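What follows is a single structure, written as structure tokens, with notes after it.
The values are calculated or read from the model by the stated rules, or taken from the named source; none is laboratory data. The structure displayed is predicted, hence computed values, not measured ones. Counting neighbours? That spans all protein chains shown, and the Cβs are built from the backbone with ideal geometry, glycine included.
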Amino acid sequence: MGRMTRPDTPSIRVTSRTVGAVVVVEVAGEVDLLTVHEVAAAITAGTAVGPAALVLDLTEVSFLDSAGLAMLAHAHMTAGERPLRVVAPHPAVRKPVQLTGMDTMLAMFDTLAAALDPA
Amino acid sequence: MRGRKVDEMATQEDDAVLGNRPVAALHCIDVPATGDRLSPLRQRLSAWAAAVGMSGDRIDAVILATDEAVSNVVSHAYTLARPGTFDLHATHHPDQHQVRVTVHDHGHWQPAERDPGPLHGRGLVLIRALADEAAIEPSAAGTTVRMGWQVA
């Protein structure tokens, strides 16, 4: 399978910040079995501070599989009163979400701006 | 890596794009069924599919479907106490206008617990939606997932 050394750079980067009363969790890279726990941990931590809403910005996600979908479903179902908004303009996220019908469950946005100020 | 790498990717770029000659097969044998293998495998398969001349959308479909099959092996075919391996074969059949990707493990389906796992849920849905043809073949010797895509 070619080089078997671990990559020098991780395949995912998760950062969290607040915009007013909203927590924004930004994910770049690949969401799969190996990396999904980092996103889940950031969502849990972000939720714990009691934001008005939690925005999961997946604009820079290049790959997401059913491990990521399961994480999104769990985050959605445990969001309770606090809405979970997902920013996902690209097919890497949109396609698996749509193919599994999860677009009817998740609040999806094309831009962070739209997610921060939904109509 | 334990095991053999049988073939390397082809470099006959022009013929690969035209699909006149088959791109050399990608064989990954005895790959450890661990999560850290997913990303390198996706990259390898992506490069192979590009060499075949598949379009970007089709490559994405091959990558995601194969990732689901492999992820299922990582999740369910073995136990933490007894980690196992899987084989992946990607083959190009220009005379039949087809690429095939096969994932074979040597383990046993674990009983479904609270979390039925990717292939018992969305993973299988994705494979069937993304591949032109898909077959899941469990047996006492392991499970084989066969996926096929039409190519020009």
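With respect to the stated conditions, residue A:112 is away from chain B (no Cβ under 14 Å) and not β-branched (Val, Ile, Thr). The lone criterion from (1) facing another protein chain (nearest Cβ under 10 Å); (2) more than 28 Å from residue B:125 (Cα to Cα); (3) not aromatic (Phe, Trp, Tyr) left unmet by residue A:47 is number (1). Sub-9 Å Cβ pairs linking a first residue in segment B:123-142 that is closer than 16 Å to residue B:59 by Cα and within 9 Å of another protein chain (Cβ to nearest Cβ) to a second residue that is at pLDDT below 90 and buried (at least 18 other Cβ atoms within 10 Å of the Cβ), at least 6 apart or interchain, are B:126/B:118, ordered by first then second residue.
Okay, residues lined up against (1) modelled with pLDDT of 95 or more; (2) part of a strand (DSSP E or B); (3) within 22 Å of residue B:74 (Cβ to Cβ); (4) among the β-branched types (Val, Ile, Thr):
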residue: A:23; (1), (2), (3), (4): yes, yes, no, yes
residue: A:61; (1), (2), (3), (4): yes, yes, yes, yes
residue: A:98; (1), (2), (3), (4): yes, no, no, no
residue: A:115; (1), (2), (3), (4): yes, no, no, no
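Residues in segment B:41-89 that are without any contact (Cβ under 8 Å) to a residue 40 or more places away in the chain, closer than 20 Å to residue B:99 by Cβ and more than 8 Å from chain A (Cβ to nearest Cβ): B:43, B:46, B:47, B:50, B:55, B:56, B:59, B:70. Does residue A:74 meet the test of being touching a residue at least 12 places away in the same chain (Cβ under 8 Å), assigned to a helix (DSSP H, G or I), within 13 Å of chain B (Cβ to nearest Cβ) and surrounded by fewer than 16 Cβ atoms within 10 Å (Cβ to Cβ)? Yes, satisfied. The lone criterion from (1) in contact with a strand residue (DSSP E or B) (Cβ under 9 Å, 6 or more places away or on another chain); (2) within 14 Å of another protein chain (Cβ to nearest Cβ); (3) surrounded by fewer than 18 Cβ atoms within 10 Å (Cβ to Cβ) left unmet by residue A:92 is number (3).
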